[in-house]
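Novice: Quick one: this structure, given as structure tokens, is what I'll be asking you about.
The values are calculated or read from the model by the stated rules, or taken from the named source; none is laboratory data. Note that this is a predicted model, so its numbers are computed, not measured. FYI the Cβ positions are ideal-geometry reconstructions off the backbone, even for glycines, and counts take in every protein chain you see.
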Amino acid sequence: MTRTASLRVSALAKSSKRIELQCTYCDWIGSYEQPVNACPQCGESILRARYDLAALKRSGWVDKVIAREPGLWRYHELLPLYDTQNIVTMGEGGTPLLHARNLGMMLGLKHLYIKDERQGPTASFKDRQASVAISVMRERGIREAVVASTGNVAIAYSAFAARAGIKLWAFLTSMVPGEKMREAALYGGEVIKVTGTYDHTKVVANAFAKQRGLYVDRGIKSIAAVESMKTMAFEIAQQLGWRAPDWFIQAVSGGMGPIGVAKGFEELMELGLADKIPSLGVIQSAGCAPMVRAFKNGRAVATPVENPQTVIATLSTGDPGRAYEQLNNLISAHGGTMEEATDEEAFNALRLLARTEGLSVEPATAVAFAGLIKLARRGIIKSDQLVIVNCSGHTFPVEKQILGDQFARSVDVSAQSSRISLPAEGLLAAIEQMETTARRVVVIEDNADAGRLIERILKVRGDYEVHLANGGAEGVVLVERLKPDVVITDLMMPDIDGFSVIDALKADPSTAHIPIIVLTAKELTAHERVRLNGQIEQLLQKGSFMDEDLLQSIVKALG
Ligand SMILES: *Cc1c(COP(=O)(O)O)cnc(C)c1O
Ligand SMILES: [Zn+2]
């Protein structure tokens, strides 16, 4: 069991606020002043906060809220903090609700709105969670904390922790793009890269916290997380003139967003500020869709996905636990559905959204839009319904030059077991080692999108240090300088083509031994095949481009 710091006496003395903790499984009710990690009566680990809504309604709360500046903390009476002096804020929340006329027209939806959560301090809706969670840590006197993340939580928590002077250990799955890790590190978070899935990463983070006696953020199981997500419902209702939309659609990993939003609308109903809970559109990445699979098969419990097959790390929760049950119950009661989208569908939706609405989103967010497109085309969403999509995040890479390559420590658990329950001893040994054994790869590719995709595919499965060269000439220079373990090259490039790159590398004794993988969309002539014969390790056709194939070839080329 992890340590929970007790509330500072000063905060309690000042506050007249009453917050109760309620078990989501049995009838147990306790006080939030003495938080527990599980229900003392039945052991359930998901607890809910309850406020005195009737008293709030009598106090004319809604008028006070309207008079305040926009932002998440304008609803502070319904957030799990006793003293507003403990608030750690950077202007999170208060994001615009954009009418998506063009995309709506294409999909035949008259009332399509986008909640633009990219406009937060670290550009994702995790800013809400970070602001509330870090404020609660401050109120409880916590000076050092551990968090496991698929990327955006690490970034948002690191930023808010920096403001609060809290030391943060952020454990990230190695699937997370390097840019995200760098951003978390830039804010001073201690970034630990775990070569394994997100579910492995949580196990490692918990073991580390336990070993050091540190507070560990419990993600979806923490009160602060779900409560913070509620504020999206409050804002949406207020922006619509105090009513609920017909649909709330989001790309889901652990499911915290829609669970929080549904709770928000429940509270608004009790306050007389909304008339219903919206139908939920829960969209998952097809390579990691345990909830969608269970939903489509009519199951009450989701079977965990042990090895997510998606490059979209943000959505890689393989084991949703009881969050699936909660979402399934909400959909049974209030309508909605669960749907999946492939990475390809997500990347297509990403381009469509950018071109039609001018919004550049991260791939995880595009999954929501890919799902929206499916639901609209199938008529599951009706043309006159009011639809909100959570535009959950946008990332822009930080300058690589700011931090060198030593911004993270590494823990490799992949060799020990692919099971989620890892042996504790191996884990601790791995934590103690925390060293990197990255293999260096140079990718020569004039199409920047394709280059980045290859980089991501490599990083999903292992500790690869990937360097991109934009064209043949740059590629040859980079290989000469870095002497990588393997080279991946395109054939068709405007400056120096792949054949000449291969010739140049084979002619130089210092690079002749480096294995080369050719990745091309070109149909090779017999003559060209002869030219490549004996020169390269493997030829991969881009059309049938599969991440497994690419990975196997690289592993093979590395010997
Ligand atoms: C965390 C995250 C999600 C998934 O959110 P959950 O509600 O926790 O499942 C989706 N998109 C982005 C950009 C995220 O950061
Ligand atoms: Zn209980």
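Novice: For the stretch 77-179, give me every one of the helices (runs of 4 or more DSSP H) that falls completely inside it and has 1 or more residues that are within 14 Å of E190 (Cα to Cα) and of a type outside the set (A, V, I, L, M, F, W, C).
Specialist: 152-164
Novice: Show the residue pairs that are 6+ apart or on different chains and have beta-carbon atoms under 6 Å apart, the first residue being within the stretch 338-358 and closer than 25 Å to R299 by Cβ, the second being surrounded by 16 or more Cβ atoms within 10 Å (Cβ to Cβ) and of a type in the set (D, E, K, R).
Specialist: E339/K374
Novice: While we're on this one: Could you list all residues from the stretch 20-36 that are of a type in the set (V, I, T) and either within 10 Å of ligand 2 (Cβ to nearest atom) or part of a strand (DSSP E or B) (or both)?
Specialist: Within the stretch 20-36, T24, I29 meet the criteria.
Novice: Would you call I283 away from ligand 2 (no atom under 16 Å from the Cβ) and either in contact with a strand residue (DSSP E or B) (Cβ under 9 Å, 6 or more places away or on another chain) or of a type in the set (D, E, K, R) (or both)?
Specialist: It is true that I283 is away from ligand 2 (no atom under 16 Å from the Cβ) and either in contact with a strand residue (DSSP E or B) (Cβ under 9 Å, 6 or more places away or on another chain) or of a type in the set (D, E, K, R) (or both).
Novice: Go through the stretch 311-390 and tell me which helices (runs of 4 or more DSSP H), entirely inside it, have 2 or more residues that are farther than 22 Å from L98 by Cβ and away from ligand 1 (no atom under 12 Å from the Cβ).
Specialist: Counting at least 2 such residues, we get 323-334, 343-357.
Novice: Sticking with this one: Identify, by number, the condition in (1) closer than 30 Å to Q309 by Cα; (2) without any contact (Cβ under 8 Å) to a residue 40 or more places away in the chain; (3) touching a helix residue (DSSP H, G or I) at 6+ places or on another chain (Cβ under 6 Å) that Q119 doesn't meet.
Specialist: With (1) closer than 30 Å to Q309 by Cα; (2) without any contact (Cβ under 8 Å) to a residue 40 or more places away in the chain; (3) touching a helix residue (DSSP H, G or I) at 6+ places or on another chain (Cβ under 6 Å) applied to Q119, the lone miss is (3).
Novice: In this structure, is T314 touching an Asp or Glu at 6+ places or on another chain (Cβ under 6 Å) and at pLDDT below 95?
Specialist: no
Novice: Of everything in the stretch 470-499 that's surrounded by fewer than 16 Cβ atoms within 10 Å (Cβ to Cβ) and among the charged types (D, E, K, R), which residue is modelled with the lowest pLDDT?
Specialist: Checked the stretch 470-499; the qualifying residue modelled with the lowest pLDDT is D495.
Novice: Out of the residues in the stretch 291-327 meeting the condition of being closer than 22 Å to Y25 by Cα and buried (at least 22 other Cβ atoms within 10 Å of the Cβ), tell me which one is nearest to ligand 2 (Cβ to nearest atom).
Specialist: Result: A323.
Novice: Moving on. Those residues that are more than 10 Å from ligand 2 (Cβ to nearest atom), closer than 23 Å to S131 by Cα and hydroxyl-bearing (S, T, Y), I need them from the stretch 37-81; list them, please.
Specialist: Y51, Y75
Novice: Further question on the same structure: Taking the condition among the polar types (S, T, N, Q) and out of contact with any Asp or Glu (no Cβ under 8 Å at 6 or more places or on another chain), does T201 pass?
Specialist: When the stated conditions are applied, T201 passes them.
Novice: Here are some residues: L109, L53. Which one is within 23 Å of W242 (Cα to Cα) and buried (at least 19 other Cβ atoms within 10 Å of the Cβ)?
Specialist: So the residue among L109, L53 that is within 23 Å of W242 (Cα to Cα) and buried (at least 19 other Cβ atoms within 10 Å of the Cβ) is L109.
Novice: List every residue pair whose Cβ atoms sit under 6 Å apart, with the two residues 6 or more apart in sequence or on different chains, where the first one lies in the stretch 22-45 and is among the aromatic types (F, W, Y) and the second, anywhere, is within 8 Å of ligand 2 (Cβ to nearest atom).
Specialist: Close Cβ pairs satisfying both conditions: Y25/C42; Y25/E44; W28/C39; W28/Q41.
Novice: Can I ask one more? Do you know which residues across the stretch 472-495 are of a type in the set (A, V, I, L, M, F, W, C) and either in contact with a Ser or Thr (Cβ under 8 Å, 6 or more places away or on another chain) or not assigned by TED's automatic domain parsing to the domain that holds Q535 (or both)?
Specialist: Correct list: V479, L491, M492.
Novice: Let me ask something additional. If you check A354, A370, A333, A366, which single one turns out to be at pLDDT 95 or above, away from ligand 2 (no atom under 16 Å from the Cβ), at negative phi and surrounded by fewer than 24 Cβ atoms within 10 Å (Cβ to Cβ)?
Specialist: Of A354, A370, A333, A366, the one residue that is at pLDDT 95 or above, away from ligand 2 (no atom under 16 Å from the Cβ), at negative phi and surrounded by fewer than 24 Cβ atoms within 10 Å (Cβ to Cβ) is A333.
Novice: Strands (runs of 3 or more DSSP E) wholly in the stretch 185-301 with at least 1 residues that are aliphatic (A, V, I, L, M) and more than 16 Å from ligand 1 (Cβ to nearest atom) - which ones?
Specialist: Qualifying strands (runs of 3 or more DSSP E): 190-195.
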